[in-house]
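Undergrad: Structure below; questions to follow.
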Amino acid sequence: MKLLCVVGTRPNYMKAAPVIRALSGWPEVQAKLLHAGQHYDPAMSDLFFRDLALPKPDFNLGIGSGSHAEQTAGVLVGVERFLLQDRPDRVIVFGDVNSTLAAALAAAKLRIPVAHVEAGLRSGDRGMPEELNRLLTDHLSDLLFTHCEEADENLAREGVAAAGIHRVGNVMIDTLQASLALAERSDILERTTAPAGGYGLITLHRPENVDRPEVLGRLLEGLRRAAKRLPLFFPVHPRTQARLRTAGFPSEQDRITLLEPLGYLDFLKLMRHAALLLTDSGGVQEETTALRIPCLTLRENTERPITTRLGTNRIVGTDPDRIAAAADQALKTPPKGQIPPLWDGKAAERIAKILMKKQHVSLSAT
Ligand code: UD1
Ligand code: UDP
């Protein structure tokens, strides 16, 4: 069986790594890896291939940055070309970025079946580019791997056939569990002088937060106020870098240290020893739930409500007073949280088994 896994951006690597590893245990599978190159800086790409021991991609489209149409169209053309030459039996896509949707569309148009890992997530906010990518990718896929009950319900509500939906658990948590011991060996606490258990960690990159100066201004004021309670460390996503410079953030009196975007192992160690996360990342909401660390989500909604229903995540929005009050509250009485069912480090193994079964069924039908 020839499979093609497609990645394009930072969060895709953590989702693809355990699936590629699980597939390598099946001798009858030949799995190739295509990198769309939507993220390309060493700190947004190469570093993760090293940290996660991912195989070198068989091909990199080098699509780079651009408008949504430019990125999506570029990946669509590049993936189609690759598929026509390579003719895999199935394409596997991850998450909700532009590269995910474009690869799924290229494959579906060539009638190559698509499996979507992390299917069924919905924020209900169609103003987010990722929401459109999720919806369309799910409806192009015949195998939908979900990580919670809500995702199954979302898909059922949209009329997706139950036979294609498989609740397998969370591949990002597979990677987290497999990497914890290695991450402990990182010297990031020494390098940053972050006091274990006594600091907060920030990530921000959503366009609706960082590309709108009035929203960014409110967020930065909230972070400044939270920093009065504890020092904050902030590895800055490339989208956000210039915006912070323009905003003159942080000032010298703020106890906020900016860092370059970190590799996975450094970031995991910094996250694990933090007292609090302040973020608009999707993946970080899940990882903090798995680590049982308080997380304040600086958005008005989430496509991952299970992290608030069971986990340690709280939706706080962008108002400075709410951010400061929520940080106070989370530090005084940290939420205990539960780890959602099937977030147990074995999701990718379940995915590999289902892929093999599906393939055998379709072979016996021909
Ligand atoms: C993308 C995804 C988002 C995901 C995020 C993960 C879409 C629509 N968005 O957002 O869902 O949460 O990745 O991090 O697919 N840049 C660099 N170097 C890089 C990559 C990007 O400098 O290696 C800069 C460029 O100025 C670029 C900007 O970051 O224009 C945004 O990159 P892009 O891939 O368009 O979107 P992200 O904000 O990274
Ligand atoms: N991450 C990382 N280094 C950083 C910031 C985040 O390795 O400096 C990891 C984080 O642990 C998670 C993933 O990147 O696994 C989340 O990616 P991101 O926030 O870029 O995207 P999203 O999840 O919001 O789509």
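What follows is calculated from the coordinates using simple rules that are stated; it is not laboratory data. Predicted model, so just to flag it, every value in this text is computed and none were measured. Every residue, glycine among them, receives a Cβ derived from its backbone with ideal geometry; neighbour counts consider all protein chains shown.
Undergrad: At 0.36 nm per residue, and after removing the present C-alpha to C-alpha distance, how many nm does the segment from residue 328 to residue 86 gain when stretched out fully?
TA: The residue 328-residue 86 span can extend by a further 81.7 nm.
Undergrad: Can you work out the base-10 log of I(q)/I(0) for region 10-96 at q = 0.22 1/Å, using the Debye formula on its C-alpha atoms alone?
TA: The Debye formula, applied to the Cα set alone, gives -1.24.
Undergrad: Counting only the backbone N, which residues of region 339-356 are under 18 Å from the spot 7 Å out from the Cα of residue 28 toward its beta-carbon?
TA: Within reach of a label on residue 28, which here means backbone N under 18 Å from a point 7 Å along Cα→Cβ, region 339-356 contributes 349-356.
Undergrad: Let me ask you something else. Taking 0.36 nm per intervening residue step and subtracting the Cα-Cα distance, what contour gain separates residue 211 from residue 292 on full extension?
TA: Between residue 211 and residue 292, full extension yields 26.1 nm more.
Undergrad: Which order do peptides 17-30, 180-193, 261-274 fall in by mean Cβ count within 10 Å, highest first?
TA: 261-274, 17-30, 180-193
Undergrad: Can you give the calculated 222 nm mean residue ellipticity of the chain, where each DSSP H run of n ≥ 4 adds -39,500 (n - 2.57) and the sum is split over every residue, rounded to the nearest 500 deg cm²/dmol?
TA: Rounded to the nearest 500, the figure is -14500 deg cm²/dmol.
Undergrad: Sorting 128, 172 on the 10 Å Cβ count, fewest up front, what's the list?
TA: Going from sparsest to densest Cβ surroundings: 128, 172.
Undergrad: Could I ask something else about it? Which whole number in µm²/s is D for the chain by Stokes-Einstein, with the Kirkwood Rh taken over Cα pairs at 37 °C and 0.692 mPa s?
TA: 158 µm²/s
Undergrad: Moving on to the next point. Would you mind calculating the gained length between residue 68 and residue 109 on full extension (0.36 nm times residue separation, minus the Cα-Cα distance), in nm to one decimal?
TA: Full extension from residue 68 to residue 109 adds 12.8 nm.
Undergrad: So, one more: Kyte-Doolittle mean at least 0.5 and Cα extent at least 24 Å along the axis: which DSSP H helices of the chain qualify?
TA: none
Undergrad: Whose amide H sits under 5 Å from the amide H of residue 31, counting only residues 5 or more places off or on another chain, with H placed in the peptide plane?
TA: Hits under the 5 Å cutoff: 3.
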